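Data first, discussion second: the structure below is written as structure tokens.
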Amino acid sequence: MADTVLYEVSDGLATITLNRPEAMNALDIATKVALREAVRAAADDDAVRAVLLAAAGERAFCVGQDLKEHVGLLAADREAGSGEGRTMSTVREHYNPIVRALVEAPKPVVAAVNGVAAGAGFGFALAADYRIVADTAAFNTSFSGVALTADSGVSWTLPRVVGPGRAADLLLFPRSLGAREAFELGIASRVVPAADLRAEAERTARALAEGPTVAFAALKESVAYGLTHSLSETLEKEDELQSRAGASEDHAIAVRAFVQKEKPRYLGR
């Protein structure tokens with residue numbers, strides 16, 4: 001894995017850190033490949049019970065595509081007479097698998113947004129289940145500002161968070177959203193002082209890693225399902241998922257702890 005993405009697992013928590021602070025954590029090819037592999041590893045590892053997506057530095061969570069590299073790839077594609085070439089295939093090869101792994105991971109994902117989150121960086125933050133945001137952070141869709149459409153799942157996640165009307169406004173007229181406005185729109189789950197961000201994000205992610213993992217996975221699946229299915233279909237899905245959660249060891253532990261007036265110690269299964 002490239003040193004532009006750090007990956008660490010400790011006590012059930014996988015921490016994935018974008019590590020190009022000198023480039024505002026912009027996404028060059030090496031970083032996108034490393035991030036894709038890290039997110040997939042965390043999603044597939046049964047020993048991982050929660051994921052923390054963070055970024056090094058203070059200025060940026062991730063400003064999206066590395067435009068310096070992008071310009072060179074565009075020129076190479078034109079010279080080769082290639083329509084798509086290496087430039088736009090990044091959506092299929094990198095962004096889509098990263099977002100799918102974050103959204104579909106059977107465990108909660110927390111994003112610690114420390115600075116600017118723009119373009120795909122905004123998309124990756126939106127793909128998390130819970131976003132803890134520094135009071136100095138800002139969000140920007142950015143895409144139409146460089147004559148592109150939405151990618152990194154933003155056309156799916158953003159309307160679900162802020163509604164289709166506000167999503168259209170933010171996509172057609174990209175602008176910087178401060179942390180407070182992001183909280184009011186539901187983009188930020190919680191806003192904290194910048195100095196406290198990492199500690200608060202780790203505390204939250206570790207609490208989730210110690211929680212009932214099977215139930216969390218079912219909650220993620222049921223909410224995503226309910227957004228695109230009828231009431232009748234969603235009730236059937238709830239029945240299916242509740243049966244799964246009810247058969248878990250964690251449910252038995254929770255009930256026993258409740259009766260005995262003890263704090264449950266979940267096993268994640």
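The values are calculated or read from the model by the stated rules, or taken from the named source; none is laboratory data. Quick caveat, the model's predicted, so the values are computed rather than measured. Because the Cβ atoms are built from the backbone with ideal geometry, glycine has one as well, and the counts that use them run over all protein chains shown.
Values computed for the structure shown
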| item | result |
| --- | --- |
| The range 127-151 - residue that is over 16 Å from Ala201 (Cβ atoms) and in contact (Cβ under 8 Å) with a residue 60 or more places away in the chain and, of those, surrounded by the fewest Cβ atoms within 10 Å (Cβ to Cβ) | Val146 |
| Residue in the range 162-185 that is closer than 22 Å to Lys107 by Cβ and at pLDDT 95 or above present | no |
| Residue list for the range 6-43, filter: under 20 Å from Ser89 (Cβ atoms) and under 17 Å from the mean Cα position of the chain (by Cα) | Ala26, Leu27, Thr31, Lys32, Val33, Ala34, Leu35, Arg36, Glu37, Val39, Arg40 |
| Qualifying residue in the range 73-92 (condition: closer than 26 Å to Ala188 by Cα and at pLDDT below 95) | yes |
| Residues of the range 17-53 satisfying the condition of being surrounded by 24 or more Cβ atoms within 10 Å (Cβ to Cβ) and on the phi < 0 side of the Ramachandran plot | Leu18, Ala26, Leu27, Leu35, Ala38, Val39, Ala42, Arg49, Ala50, Val51, Leu52, Leu53 |
| Evaluation of Phe216 against (1) exposed (fewer than 15 other Cβ atoms within 10 Å of the Cβ); (2) under 28 Å from Arg100 (Cβ atoms); (3) in contact (Cβ under 8 Å) with a residue 12 or more places away in the chain (one fails), failing number | (1) |
| Criterion violated by Pro193 - all others in (1) surrounded by 14 or more Cβ atoms within 10 Å (Cβ to Cβ); (2) in contact (Cβ under 8 Å) with a residue 40 or more places away in the chain; (3) over 15 Å from the mean Cα position of the chain (by Cα); (4) closer than 30 Å to Ser10 by Cβ satisfied | (1) |
